[in-house]
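**Student:** The structure that follows is given in the form of structure tokens.
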Amino acid sequence: QVQLVESGGGLVQAGGSLRLSCAASGRTFSAYAMGWFRQAPGKEREFVARISASGNSAYSTDSMKARFTISRDNAKNMLYLQMNSLNPEDTAVYYCAACPGAVACGTGLVNYWGKGTLVTVSS
């Protein structure tokens with residue numbers, strides 16, 4: 001089993017940056033592809049980015065790839081999301097997730113979810 005705890009959210013002005021972290025417990029972190037998702041107020045949860053178990057392959061949606069970068073450190077059991085040029089539409093609860101495969105993450109097929117961290121972007 002993998003337990004996931006996100007951190008790094010908060011209030012930031014438009015144009016600013018944040019780095020989200022996700023700490024994973026358990027010895028099998030490196031066996032999972034990982035992903036970031038977000039859920040804005042009144043909207044469904046949406047996929048943001050995913051990374052392969054080894055960290056060699058990463059993917060973000062077209063609307064986010066220029067601003068968001070996913071990375072991981074398997075030695076530290078950590079997942080990250082660097083977010084730049086934030087705008088108010090990025091306001092959401094951000095969740096990390098462990099997935100059976102990288103493609104699975106992209107389709108929302110998730111083994112484990114974190115509880116989320118709130119990101120608020122002010123205009």
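**Student:** Among the residues of the range 106-123, is any at pLDDT below 95, more than 18 Å from Gly10 (Cα to Cα) and of a type in the set (Gly, Ala, Ser)?
**Tutor:** Yes, there is a match, as at least one residue in the range 106-123 is at pLDDT below 95, more than 18 Å from Gly10 (Cα to Cα) and of a type in the set (Gly, Ala, Ser).
**Student:** Only one residue in Arg38, Arg19 is farther than 18 Å from Lys115 by Cβ and within 11 Å of the chain's Cα centre (by Cα), so which one is that?
**Tutor:** Checking each option against the conditions leaves just Arg19.
**Student:** May I ask you to list pairs of residues, at least six apart or on different chains, whose Cβ atoms are under 9 Å apart, with the first in the range 62-90 being on the phi > 0 side of the Ramachandran plot and the second being surrounded by 13 or more Cβ atoms within 10 Å (Cβ to Cβ) and among the charged types (D, E, K, R)?
**Tutor:** Ser85/Arg67
**Student:** Going through the range 29-48 one residue at a time, which ones are touching a strand residue (DSSP E or B) at 6+ places or on another chain (Cβ under 7 Å), surrounded by fewer than 23 Cβ atoms within 10 Å (Cβ to Cβ) and among the aliphatic types (A, V, I, L, M)?
**Tutor:** Ala40
**Student:** For the range 6-31, which residues satisfy the criterion of being within 17 Å of Ile70 (Cβ to Cβ) and at pLDDT 95 or above?
**Tutor:** Those that are within 17 Å of Ile70 (Cβ to Cβ) and at pLDDT 95 or above: Glu6, Ser7, Gly8, Gly9, Ser17, Leu18, Arg19, Leu20, Ser21, Cys22, Ala23, Ala24.
**Student:** Of all residues in the range 63-100, which are of a type in the set (A, V, I, L, M) and touching a Gly at 6+ places or on another chain (Cβ under 7 Å)? If you could, list the steps in order and put the result at the bottom.
**Tutor:** From the range 63-100, those of a type in the set (A, V, I, L, M) are 64, 66, 70, 75, 78-79, 81, 83, 86, 92-93, 97-98; that's our starting set.
Across the range 63-100, the qualifying residues are Leu86, Val93, Ala97.
**Student:** Same structure again: Suppose we filter Ala14, Ala24 for residues that are among the small types (Gly, Ala, Ser) and more than 23 Å from Val121 (Cβ to Cβ); which single one remains?
**Tutor:** Ala24
**Student:** Filter the range 69-98 down to the residues that are of a type in the set (D, E, K, R) and surrounded by fewer than 17 Cβ atoms within 10 Å (Cβ to Cβ) and list them by number.
**Tutor:** Asp73, Lys76, Glu89
The values are calculated or read from the model by the stated rules, or taken from the named source; none is laboratory data. These numbers were taken from a predicted model, which means no experiment stands behind them. Cβ sites come from the backbone with ideal geometry, for glycine too, and all protein chains shown count toward neighbours.
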